[in-house]
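Right, one structure below, let's go through it.
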């Protein structure tokens, strides 16, 4: 049923590709490897080659259809779980896709597949991330140089917030709602950007994540940097992309007050989260599998990527942040949060005390330490 619905969704996107026939056949066959032992994408690639040849497609088209089956999750997984500003991310996708024609087919298939899966799999936020990734990869495939990371200089607003935080000694925040076009039907909010400037100290990420969890704000992405705007000491700038779980956003004054209490240590985040969980006990059902923490080797040259797969829960990002910074002793440079249903796949870009990526051995040790804390 899903394959047929994906093909139906793909018919609405045929004007976006140069080979609509390959898009429709690729949509109908992309998940054909499910039900067989092994990775369904790899198994599906083999099956699609045979089916496409029997249907009379030429060798080049067979290769394209096989690529669609093999990489039909590449764009959505990369866009939601990797740092798009990292050159290694864009270069990796460009290498795997190989051509602009294949990329536009994958882009359309990604959208059709997600829409056929359900509303949780495709949103304005995910659409904007995938579109951004496709734009960057298209440039590389057309001969442009692999984009380099943007300069670490803070923006004018970040500079203003950092100066205020340095002068007053209290957290300073700013909220910005962003809306982007979604198809031909108008606009849809893709989330709220929350900027937080606070005097640098240990444990900022887990504390801030805990406050956001208490206010029922879902985190989609996070970036951190440290500046010294007036020469009196470092200020940490945290840039979050968040969305309200229910209703409207909390008042800025309330957020700021709770950030202040959390950083001072007077707000017991663990106790508050435990109270909320106790008030809304989960229904008994099938026991969730234990968390799995791995090292995504080769994903970045600027940091080590630690990937966490776990059941979603209030304050999970707070717990992971504490495990990384307190138990494992590494610094989180950025994070990408991907939630689908009751499960999350979170990617954390971490560096050691020297600001460099971790060694392979140390990265595996960190992954093991975090997994032990979460289990």
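Pick out which of 154, 87, 289 has the largest mean-square fluctuation in a Gaussian network model of the chain, springs linking Cα atoms closer than 10 Å.
289
For the stretch 295-344, I need the span (max minus min coordinate) of the C-alpha atoms along each principal axis, in Å, sorted largest to smallest.
That gives 31, 24, 15 Å along the principal axes, largest extent first.
Evaluate E = 1/(1 + (r/R0)^6) for residue 1 and residue 351, where r is the Cβ-Cβ distance and R0 equals 51 Å; express this FRET efficiency to the nearest 0.05. All intermediate terms of the calculation are to be shown ahead of the outcome.
Working: r = 45 Å, r/R0 = 0.89.
With a Förster radius of 51 Å, E is 0.65.
Each label point is 7 Å from the Cα along the Cα-to-Cβ direction; what then is the distance between the points at residue 96 and residue 228, in nm?
4.1
Label the stretch 189-280 by shape, choosing from rounded, prolate and oblate, from the square roots a ≥ b ≥ c of the eigenvalues of the Cα gyration tensor; if a/c is under 1.5 it is rounded, and otherwise prolate applies when a/b is larger than b/c, oblate when it is not. It would help to have the intermediate numbers written out before the result.
On the way: a/c = 2.24, a/b = 1.39, b/c = 1.61.
Here the stretch 189-280 falls in the oblate category.
Modelling each spin label as a point 7 Å along the Cα-to-Cβ direction, I'd like the residue 60/residue 131 distance in nm, to one decimal.
Between residue 60 and residue 131, the simple spin-label model gives 3.0 nm.
Return the distance in nm (one decimal) between the two label points of a simple spin-label model at residue 14 and residue 301, each offset 7 Å from Cα along Cα→Cβ.
Going from the residue 14 label point to the residue 301 one covers 4.3 nm.
Stretch residue 271-residue 342 to full length: gain in nm at 0.36 nm per residue minus the Cα-Cα span? Please report the intermediate quantities before stating the final value.
On the way: separation 71, 0.36 × 71 = 25.56 nm, distance 2.28 nm.
Length gained, residue 271 through residue 342: 23.3 nm.
Based on the Cβ-Cβ distance of residue 257 and residue 142, what FRET efficiency does E = 1/(1 + (r/R0)^6) give at R0 = 45 Å, to the nearest 0.05? Write down the numbers at each step before the final one.
Details: r = 50 Å, r/R0 = 1.11.
Working from the Cβ atoms, E equals 0.35.
Kindly state, to the nearest 0.05, the FRET efficiency for residue 244 paired with residue 287, given R0 = 45 Å and r defined as their beta-carbon distance.
On the way: r = 30 Å, r/R0 = 0.67.
For residue 244 and residue 287, the calculated efficiency is 0.90.
Would you calculate the convex hull of the Cα atoms in the stretch 283-375 and tell me its volume per residue in Å³?
Details: hull volume 8.5 nm³, N = 93.
In the stretch 283-375, the Cα hull volume divided by residue count equals 91 Å³.
Based solely on its DSSP helices, what 222 nm [θ] is calculated for the chain when runs of n ≥ 4 H residues each add -39,500 (n - 2.57) and the sum is averaged over all residues, nearest 500 deg cm²/dmol? Walk me through the numbers on the way to the answer.
Details: 14 runs with 172 residues, N = 375.
That comes out to -14500 deg cm²/dmol.
For the chain, how big is Rg over Rh, using alpha carbon atoms and the Kirkwood form of Rh? Don't jump to the answer; show the numbers that get you there.
Working: Rg = 22.0 Å, Rh = 22.3 Å.
Over the Cα atoms of the chain, Rg/Rh equals 0.99.
Return, for the Cα atoms of the stretch 200-354, the radius of gyration and Dmax in Å, separated by a comma.
Radius of gyration, then largest Cα-Cα span, for the stretch 200-354: 16.1, 55 Å.
State the Kirkwood hydrodynamic radius of the stretch 38-179 in Å, one decimal place, computed from all pairs of distinct Cα atoms.
On the way: mean 1/r = 0.0565 Å⁻¹.
It is 17.7 Å.
All of the numbers you see were taken from the coordinates with simple rules; none came from a lab. If you're wondering where the values come from, they're calculated on a predicted model, not measured in any experiment. Every residue, glycine as well, gets a Cβ built from its backbone with ideal geometry; the counts of neighbours run over all protein chains shown.
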